[in-house]
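The structure appears right after this line, and notes come after that.
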Amino acid sequence: MKSRCRTDDRGATLPIYIWLTAILLFAALAFFAFAQAASARNGAQSAADAAALAAAQEARDELMDGLELSVGKGDEWLEWLIGDKFTGDGARGAADALASENDSAVIGFGAVEVNGYPGFRAEIETTYTVGDSIIPGTENKHAKADATAIVKPRCDVEPSADPEETMEFVCDGGESFEIDPEDFEQGDLPDASVLFSVHLAD
């Protein structure tokens, strides 16, 4: 009699064990699916950040080139110094290149202004998918993200400044330098990071 009871108990426990095992397995697969999706989103955001920053850095390079070429040739060099003259012609190409390096493609791009500072917004889509999982459709799902980066001049110019006179600048971070339009040569400018900061918009 006791033997029969023990057999019946084992028979009743087995379905419960199988049921619990199935639940745990499903939970593990679901967690893995969410982890895959999170990883894809993080990768997409990193690619978007890199693309936007590359565009802004390209614009900064253009500002540096324009400033260097214009000092001593009229009053336009002050406009380059405060970030008003760049066209951003190479920004899209720079964004495309960085997105590609991060296994993504730029699907939306444009110039923007954030708090009075020029910048670029890049929207990207990953070239890879989330991957197979228990969630239907993830095998064909691409992650998307966007980011905006700005170029911020770090040196103030007084409205009364004379572009033909020697000027000393003290920029953000305490860096100082002097520009003499009458005695300026290429290579006299400080590093680009002294004159302009490039960072993601908040």
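Could you say whether any residue in the stretch 116-130 is surrounded by fewer than 16 Cβ atoms within 10 Å (Cβ to Cβ), without any contact (Cβ under 8 Å) to a residue 60 or more places away in the chain, among the small types (G, A, S) and assigned to a strand (DSSP E or B)? No - not one qualifying residue is present in the stretch 116-130. Select from the stretch 162-187 the residues that are in contact with a strand residue (DSSP E or B) (Cβ under 6 Å, 6 or more places away or on another chain) and within 16 Å of E76 (Cα to Cα) and write down the one among them that is modelled with the highest pLDDT. It comes out as I179. Each residue in the stretch 63-94 was checked for being under 30 Å from T127 (Cα atoms) and either assigned to a helix (DSSP H, G or I) or out of contact with any strand residue (DSSP E or B) (no Cβ under 8 Å at 6 or more places or on another chain) (or both), and 7 pass.
For V71, the stated conditions hold: it is farther than 24 Å from S46 by Cα and in contact (Cβ under 8 Å) with a residue 40 or more places away in the chain. Within the set D202, D162, the sole residue that is part of a loop (DSSP other than H, G, I, E, B) and within 33 Å of the chain's Cα centre (by Cα) turns out to be D202. Candidates in the stretch 165-175 are the residues that are among the acidic types (D, E) and surrounded by fewer than 15 Cβ atoms within 10 Å (Cβ to Cβ); of these, the one that is nearest to the chain's Cα centre (by Cα) is D172. Here D65 passes the criteria (1) more than 19 Å from I150 (Cα to Cα); (2) at pLDDT 90 or above; (3) of a type in the set (D, E, K, R) except the one numbered (1). Scanning the stretch 181-202 for residues that are surrounded by 14 or more Cβ atoms within 10 Å (Cβ to Cβ) and either over 20 Å from E58 (Cβ atoms) or free of Cβ contacts under 8 Å to residues at least 40 places away in the same chain (or both) yields a count of 3. Taking (1) closer than 30 Å to L189 by Cβ; (2) out of contact with any helix residue (DSSP H, G or I) (no Cβ under 8 Å at 6 or more places or on another chain); (3) of a type outside the set (V, I, T); (4) touching a residue at least 12 places away in the same chain (Cβ under 8 Å) in turn, D84 satisfies each apart from (4).
The values are calculated or read from the model by the stated rules, or taken from the named source; none is laboratory data. None of these values were measured; they are calculated from a predicted model. Note that we place each Cβ from the backbone using ideal geometry, even for glycine, and neighbour counts take in every protein chain shown.
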